[in-house]
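Coordinate-derived values only; no laboratory data. These numbers were taken from a predicted model, which means no experiment stands behind them. When we count neighbours, we look across all protein chains shown, and the Cβ atoms used for this are built from the backbone with ideal geometry, even at glycine.
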Amino acid sequence: MASVRTFIAFNTPEAIRESITAFQSELRNSGADVRWESSDKFHVTIKFLGNVDESQLPGLTRKGRGDSRI
């Protein structure tokens, strides 16, 4: 079965995405060799799980939704 790169994260509020987008626009002019992402992909990663077999995703999702204490 196929695996997918998996992580636990939370989305950023709109105001933060707007600030990051403005800063990102400034950096684009620097000529850096960077792969830029759109603001709808902005998030804060809590834990990177690595490559996880797709068959394990439903169980991980249930666990994550059941215990979201930090």
How many nm is it between the label spots at SER39 and ARG5, if each spot is 7 Å from the Cα in line with the beta carbon? 2.3 nm
Divide the volume of the convex hull of the Cα atoms of region 3-66 by its number of residues and quote the answer in cubic angstrom per residue. 104 Å³
Of ILE16, SER55, ALA2, farthest towards positive along the dipole that unit charges on Lys, Arg, Asp, Glu beta carbons give the chain: SER55
Could you list the GluC sites (Glu not before Pro) in region 4-70 that lie in coil according to DSSP, counting only those with at most 12 other Cβ atoms within 10 Å of their Cβ? GLU37
Which is the longest part of the chain that has none of the trypsin sites (Lys or Arg not before Pro) sitting in a DSSP loop with at most 13 other Cβ atoms within 10 Å? 1-34
Rounded to the nearest 500, the 222 nm mean residue ellipticity computed for the chain from DSSP H runs (n ≥ 4, each -39500 (n - 2.57)) alone is -11000 deg cm²/dmol
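Below 8 Å between Cα atoms, with a sequence gap of 6+, how large is the relative contact order for the chain in percent?
Over the chain, the number comes to 57 percent.
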Per DSSP, loop chymotrypsin sites (Phe, Trp or Tyr not before Pro) in the chain with at most 13 further Cβ within 10 Å: TRP36
